[in-house]
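Structure, as structure tokens:
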Amino acid sequence: MKTQNIVATLSRREALYGLGTGIGSLAFSSLAQAENIHSIGPHLTAKAKRCIFLMMEGGPSHIDTFDPKPELAKRHLQRFKRNGERESAMSSGERYFVKSPFGFKKAGKCGADFSSEWYHLKNYADDICFYRGCQVESVNHPTACYHVNTGNRFGGDPAVGAWITYGLGTLNENLPGFVVLPRASYPQGGASNWSNGFLPAEYQGTPLRPEGSPILDLNLPTGMTRGDQRGNLDLLAQLNKKHFQQRPQQDELKARMSSYELAYRMQMEVPGILDIDGETEKTREAYGIGDLKTDAFGRKCLLARRLVEKGVRFVQAYAGNWDSHDYISRAHGSLIRSVDKPIAALLGDLKARGLLEDTLVVWCGEFGRTPDNGIRGGGTSYGRDHNPKAMTMWFAGGGTKAGHTIGATDDIGAEAIECVHHIRDVHCTWLNLLGLDDNKLTYYHAGRYKQLSQFGGEVIKDLIA
């Protein structure tokens, strides 16, 4: 469509919404061009410039991944003592201790613990900082996901990535500052997990489609040239500017106006970034691309590396279905194998390119899991329930204490007992590594200054090199 035809055939409203589909709609949730980005700037000397957040939605079991509990093998299928009752053999309707179906091995010079299903990641044990002391508050998936992702169990607040891009801005004006790589089905709680919340609309995470083209309408329609598109955008900008001057409080309109320009620039840069077919066969194989078990998450991890390499500030990649209430051997075994090779390749790739030192990689779910479960199927289908009092997360790069395991849980993995911190302290530490002070990174909303930690927290110095 030529510029002159817009005026003849479309109203201002129709032009606005017509250009707001596909890539324009996607870029609505992206950062605006550099001169319009409002960033606080670092408060501290940053150890990391960028972040990759590997979110294992559903709650991976610390007991079956990185926190072995030999005591559970001794108590396997024994019933809990209640009111002085004697432990007895298994009976229907009761709860019993459940041992891990996996063996554990020490890895690296640091001797970190890895369950037997981690064939590849254990090779990077000395690059990882394991933290076993984190606790959260919710045992409900949506509220727990919100808590980890936004600091607020009830949703509506900005995601960690939104806060970080609000504080630091983007490293590449042609790309979004905060990109999300979700599963085909969104995590529990939906897109609120990467919302801008009460921050300006341009700080919302930009999700890329997990199937098909990651971005719709990335290429120009047949018959349209870059000159035609530039003319359309210039005309639309004039109309929108006039409209916005009369409605300066319309934050979403301002973000939409900026998104058109970002979308225009993205059309030049994004296709090359998304084209992982240009990677060498060796690299693709390292990430597990082409293997049915690892292809989906392998593509996310490789794309995450390509995005941060090109200047995206914060990338979040989701792997789901970790909610193993039964058949934990089969379920967790399959899930670990689906992410093991891709994550190992990501760490190795970042390290080889000199990016790991100033890229913070974070791995966690929304909570840990219990050392016990109800028994079903004659005792053959045992799994684990939700546990907010004990969870393992790990960090790599970005100034974290590589080759260390910080904190501990009790002898059955039911509760953190050493270096115990609430998730708000993890968030404060996260910001600190990127040069941001949680107490200074605030935004005035609903009558008070708000922050990621909600009401303040402390930096976990044990995690920082």
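The values are calculated or read from the model by the stated rules, or taken from the named source; none is laboratory data. Everything numeric here is computed off the predicted structure, so don't read it as measured data. Every residue, glycine as well, gets a Cβ built from its backbone with ideal geometry; the counts of neighbours run over all protein chains shown.
Structure above, values below:
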| item | result |
| --- | --- |
| Any strands (runs of 3 or more DSSP E) falling wholly within the range 348-415 and containing at least 1 residues that are at pLDDT 95 or above and touching a Cys at 6+ places or on another chain (Cβ under 8 Å) | 359-364, 391-396, 404-406 |
| Condition check for GLU117: farther than 20 Å from ILE423 by Cβ, touching a residue at least 40 places away in the same chain (Cβ under 8 Å) and touching a Ser or Thr at 6+ places or on another chain (Cβ under 9 Å) | yes |
| Single condition TYR444 does not satisfy, out of (1) loosely packed, with under 15 Cβ neighbours inside 10 Å; (2) part of a loop (DSSP other than H, G, I, E, B) | (2) |
| Members of the range 337-349 found to be surrounded by 23 or more Cβ atoms within 10 Å (Cβ to Cβ) and in contact (Cβ under 8 Å) with a residue 60 or more places away in the chain, listed by number | VAL339, LYS341, ILE343, ALA345, LEU346, LEU347 |
| Near pairs, Cβ below 6 angstrom, 6+ apart or cross-chain, from the range 394-414 (touching a residue at least 60 places away in the same chain (Cβ under 8 Å)) to any residue that is among the aromatic types (Phe, Trp, Tyr) and part of a strand (DSSP E or B) | TRP394/PHE130; TRP394/TRP363; THR405/PHE130; ILE406/TYR131; GLY407/TYR131 |
| Any hit, the range 227-240, residues being within 21 Å of ARG305 (Cβ to Cβ) and either at pLDDT below 70 or surrounded by 13 or more Cβ atoms within 10 Å (Cβ to Cβ) (or both) | no |
| Residues located in the range 39-55, provided they are surrounded by fewer than 23 Cβ atoms within 10 Å (Cβ to Cβ) and among the aliphatic types (A, V, I, L, M) | ILE40, LEU44, ALA46, ALA48 |
| Scan of the range 310-347 for residues that are in a strand (DSSP E or B) and touching a Leu at 6+ places or on another chain (Cβ under 8 Å), ordered by number | VAL315, GLN316, ALA317, TYR318, ALA319 |
| Residue under evaluation TYR382, criteria (1) more than 22 Å from the chain's Cα centre (by Cα); (2) under 23 Å from PRO68 (Cβ atoms); (3) surrounded by fewer than 21 Cβ atoms within 10 Å (Cβ to Cβ), criterion not met | (3) |
| Selected residue [on the phi < 0 side of the Ramachandran plot, of a type in the set (Gly, Ala, Ser) and surrounded by 17 or more Cβ atoms within 10 Å (Cβ to Cβ)] from GLY288, GLY320 | GLY320 |
| Answer residue from the range 347-360, given it is out of contact with any Gly (no Cβ under 9 Å at 6 or more places or on another chain) and of a type outside the set (D, E, K, R) and is nearest to THR370 (Cα to Cα) among those | GLY348 |
| Check on ALA162, in contact (Cβ under 8 Å) with a residue 40 or more places away in the chain, assigned to a helix (DSSP H, G or I) and either in contact with a His (Cβ under 9 Å, 6 or more places away or on another chain) or surrounded by fewer than 24 Cβ atoms within 10 Å (Cβ to Cβ) (or both) | no |
